[in-house]
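Below is one structure, written out as structure tokens; the observations come after it.
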Amino acid sequence: MKRLDSPFVVKAYDLLELKKVQTLQLEKCNGYPADVAVDLLGRSKFDEYLAAKVFYNILCGVRYLHDEGVVHRDLKPANIIVDFSDISSPQIKIIDLGLAKDHGREHRFDLMVSRNGTCSYMAPEIYREESYTRLVDVWSLGCCFF
């Protein structure tokens, strides 16, 4: 995942191994998980216009991942960091690519079959243990924004 380079996706710098323990060195992200960030900001300030900006940025991040052949498979508010320090231009980072499947750009439409994700945000085809595509991330986003 070190090859990923987007302002909307957490950057992985290095994988360190010391005495059989692996540590992933990641970019520091400012902000809070999406659900916490909205609560801290206050529901009255989180109007439709601001929600559209945040949603657009998240969609840009997911589109980038999909264009690169990466399916996140665990999109949920806890895995989206939102920074409202500049309320006119909220920043987001998609984090926790631990369950992601990296097909690479040339195989980005390949099917998957493993059951991964968080139940509350999981697409029906994963529950039914059917093959699925990157569209399961779109289902998860719908659950996030419902």
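Accessible area per residue of the chain at 1.4 Å probe, in Å²? Write out the running numbers ahead of the final one.
Details: 8910 Å² over 146 residues.
Dividing the accessible area of the chain by its residue count gives 61 Å².
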Q) Ordered by packing density, taken as the mean number of other Cβ atoms within 10 Å over each peptide's residues, highest first, how do 61-73, 2-14 rank? A) 61-73, 2-14
**Q.** Entry for Rg and Dmax of the Cα atoms in Å (calculated from the structure that is shown) out of [x] 15.5, 45; [y] 21.7, 83; [z] 15.8, 50
**A.** [z]
Q.
As a test of reading the structure, rank K53, K20, K45, K28 by solvent-accessible area (1.4 Å probe, protein chains only), most first.
A. K20, K28, K45, K53
Q: Quote to one decimal, in nm, the extra length available between D96 and L26 on full extension: 0.36 nm per residue of separation minus the C-alpha distance between them.
A: 24.2 nm
Q. When the Karplus curve 6.51 cos²θ - 1.76 cosθ + 1.60 is applied with θ = phi - 60°, which whole-Hz ³J(HN,Hα) does each residue of the stretch 44-61 get, with x for Gly and Pro?
A. 5, 7, 8, 7, 4, 5, 5, 4, 5, 5, 5, 4, 4, 4, 5, 4, 4, x
Q | Karplus (6.51, -1.76, 1.60) ³J(HN,Hα), θ = phi - 60°, over the stretch 3-10, in Hz, Gly and Pro reported as x | A | 6, 5, 8, 9, x, 9, 10, 4
Q) Quick one: how many Å² of V21 are accessible to a 1.4 Å probe, rounded to 10? A) 90 Å²
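Where does the chain land at 222 nm, in deg cm²/dmol rounded to the nearest 500, when only DSSP H runs of n ≥ 4 count, each adding -39500 (n - 2.57), divided by all residues? Provide the component values of the computation, followed by the final result.
Values: 4 runs with 43 residues, N = 146.
It lands at -9000 deg cm²/dmol.
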**Q.** In order through the stretch 108-115: 3J(HN,Hα) via Karplus (6.51 cos²θ - 1.76 cosθ + 1.60), integer Hz, x for Gly, Pro
**A.** 5, 9, 4, 8, 10, 9, 6, 8
Q. Once amide H atoms are placed 1.01 Å from N in the peptide plane, what residues at a sequence separation of 5 or more from L26, or on another chain, have their amide H within under 5 Å of its amide H?
A. Y13
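The values are calculated or read from the model by the stated rules, or taken from the named source; none is laboratory data. All values reported here derive from a predicted model rather than from experimental measurement. Every residue, glycine among them, receives a Cβ derived from its backbone with ideal geometry; neighbour counts consider all protein chains shown. Protein only, heavy atoms only, side chains kept; ligands, DNA and RNA dropped before computing areas. Shrake-Rupley method; radii C 1.70, N 1.55, O 1.52, S 1.80 Å.
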